[in-house]
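The values are calculated or read from the model by the stated rules, or taken from the named source; none is laboratory data. Everything numeric here is computed off the predicted structure, so don't read it as measured data. Don't worry about glycine lacking a Cβ; one is built from the backbone with ideal geometry, like all the others, and counts go over all protein chains shown. Only protein heavy atoms, including side chains, enter the accessible area calculation; ligands, DNA and RNA are left aside. Shrake-Rupley method; radii C 1.70, N 1.55, O 1.52, S 1.80 Å.
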Amino acid sequence: MPREWVVEVARWGPLAVVGAVSLSWVAFVLRAAIRKRPRSARVEQAGGSLLLSRAAMEYGLWVFGPVTRTAIRLEIHPDALSWASLVLQLGAAALLGAGAFGLGGLLLALGAACDAADGAVARGRGMASEAGEVLDATVDRWAELSVFFGLAWYYRSLGPGFLLAAGACAGAVMVSYTRAKAEACGIEAARGLMQRHERAVWLSVATVASGIWEAWRPTPAGALALHAPVLAVLGLVALLGNWTAWTRMQRTRRELRRRERRDG
């Protein structure tokens, strides 16, 4: 692909995504006003939060519904979507590390969409299994960590930016680890902020928005583009992710001590 095309895609691609999302959100709101807001068992079970409301989650399921139904009709294996998510987010990580936040944001959003679709396709095709969940969870960790590594590489010459990327990476890992550890001990620990789907949405939005800003307001030659929206979200993930991990650890410890006193 000629370099000029790459520049134009990086310039106009994120704007096209924002336009499509805006139009589909208006359509979703009008549909909800005329009929009723769709309510799915999946969203009701997950619940909303301060960072991602139930309405936003229902919107995501609604807007990707045609893609999911098409994948089911074409008999696409859910594992293929999981692997596609990994490849797309590895590509996003490489682009972010190189400073191409516009194209990187597009791949990041597409990867997050594939990640959201694999489970829906598995359930729709009657192929949901524990083996599939293991693959999905493992691929999620590889994909997400690669994105944080790419951002840490980009900010390597900016101390605070590098630390925010490293802190966000630690928070993401520990949110998942403390939940897995608690559940291995028979303790429910699903609550908290900055869980996987929340991190994916916030980071995708910030990266695309930052790509648009920098594409239309070029940074002076030789200067590092700060991509302030991405730095803000990295700080949010670092703070809330590590706080959620801390509260889950404390709750798990309290429950285990209560068991020890009861059984002792």
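Regarding segment 176-193, can at least one residue be identified that is more than 20 Å from the chain's Cα centre (by Cα), surrounded by fewer than 19 Cβ atoms within 10 Å (Cβ to Cβ) and within 24 Å of ALA94 (Cβ to Cβ)?
Among the residues of segment 176-193, not one is more than 20 Å from the chain's Cα centre (by Cα), surrounded by fewer than 19 Cβ atoms within 10 Å (Cβ to Cβ) and within 24 Å of ALA94 (Cβ to Cβ), which makes the answer no.
Determine which single condition LEU50 fails, assuming it passes every other condition in (1) out of contact with any Leu (no Cβ under 9 Å at 6 or more places or on another chain); (2) modelled with pLDDT under 80; (3) open to solvent by 30 Å² or more (accessible area, probe 1.4 Å); (4) under 22 Å from VAL208 (Cα atoms).
(1) is the only condition that LEU50 fails.
Among the listed residues LEU231, LEU239, LEU203, identify the single one that is open to solvent by 60 Å² or more (accessible area, probe 1.4 Å) and part of a helix (DSSP H, G or I).
Going through LEU231, LEU239, LEU203 in turn, just one is open to solvent by 60 Å² or more (accessible area, probe 1.4 Å) and part of a helix (DSSP H, G or I): LEU239.
Only one of these conditions is not met by ASP140: (1) touching a residue at least 12 places away in the same chain (Cβ under 8 Å); (2) open to solvent by 40 Å² or more (accessible area, probe 1.4 Å). Which number is it?
It is condition (2) that ASP140 fails.
From the list GLU260, GLU214, GLU255, which one is under 19 Å from ALA165 (Cβ atoms), in a helix (DSSP H, G or I) and among the acidic types (Asp, Glu)?
The match here is GLU214.
Keeping to segment 111-127, report how many residues are open to solvent by 30 Å² or more (accessible area, probe 1.4 Å), touching a residue at least 40 places away in the same chain (Cβ under 8 Å), farther than 22 Å from LEU203 by Cβ and small (Gly, Ala, Ser).
1
Answer yes or no as to whether GLU58 is acidic (Asp, Glu) and at positive phi.
No, not satisfied.
Only one of LEU15, LEU23 is within 20 Å of the chain's Cα centre (by Cα) and either modelled with pLDDT of 65 or more or within 17 Å of GLU214 (Cα to Cα) (or both). Can you tell me which?
Step by step, each of LEU15, LEU23 is checked, and only LEU15 is within 20 Å of the chain's Cα centre (by Cα) and either modelled with pLDDT of 65 or more or within 17 Å of GLU214 (Cα to Cα) (or both).
List every residue pair whose Cβ atoms sit under 6 Å apart, with the two residues 6 or more apart in sequence or on different chains, where the first one lies in segment 189-206 and is hydroxyl-bearing (Ser, Thr, Tyr) and the second, anywhere, is buried (at least 21 other Cβ atoms within 10 Å of the Cβ).
What qualifies is SER204/LEU108; SER204/ALA109; SER204/ALA112.
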